[in-house]
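These notes are about the structure you will find just below.
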Amino acid sequence: MAARHLRTRRFSSPAAIAATAAVGVALAVGGTVGAVRLTSAEPPAGPVAVQTTPSTPAPTSAAPSPTASASPSASLSPSPKATASPKASRTQAASRSKARTASPSPTAKKTSSPKVVDSGSCGASFYAEGQMTANGETFDPNALTAAHKTLPFNTKVRVTNPDNGKSVVVRINDRGPFIEGRCLDLSRAAFATIAATGLGHVNVRYEVLG
């Protein structure tokens, strides 16, 4: 049996080469188009996140919070319009711009001591009987009064007991005493101021005040 030898055909003509190339290109294009169709038909693998940009700009300042409007300091602070009143533009008076000095404290008014127009020493007694005085007054043994023989009524006399240094100022409203050696007859209250009433009478020094 005779062996067969396979031979490969070779297309040596240009028309055959061009036809072969056209077939290859068609096969390549057809495979690509099919792959594209298969890919576009598949559903997406997962949710697609879409980011949108707001069309209007965000406000520049936030609305005031309730706590800021309810605070006492914010509600009590004056507005700029309130401070721009005409009174605020007035200047202080020139007299008030001077430094103030402390006013001097009031000093006690000095009273001059009464002038002594006459003085002397004599005996003094007292009386307490209710009667009319020589100047028409009702005698009051509790008042600081005295009787003298010649001094004008309402004359003030300072009577001092030299034994203890106590003194009293009496007003002359009566006449007396009519006993030798005595020049003053004091009311009971006046005598008790300088001596004990149990003594009855004492030697005193008197000063007539002008």
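A few remarks follow.
- Qualifying GluC sites (Glu not before Pro) in region 106-210, where qualification requires a DSSP coil assignment and no more than 16 other C-beta atoms within 10 Å, comprise GLU129, GLU137, GLU180.
- Accessible-area order (highest first, 1.4 angstrom probe) of the listed residues THR160, THR150, THR193: THR150, THR193, THR160
The values are calculated or read from the model by the stated rules, or taken from the named source; none is laboratory data. What you see is a predicted model; the values in this text were computed from it and never measured. Backbone-built Cβ (ideal geometry, glycine too); neighbour counts: all protein chains shown. The area values use the complete protein model at the heavy-atom level, side chains included, leaving out ligands, DNA and RNA. Shrake-Rupley method; radii C 1.70, N 1.55, O 1.52, S 1.80 Å.
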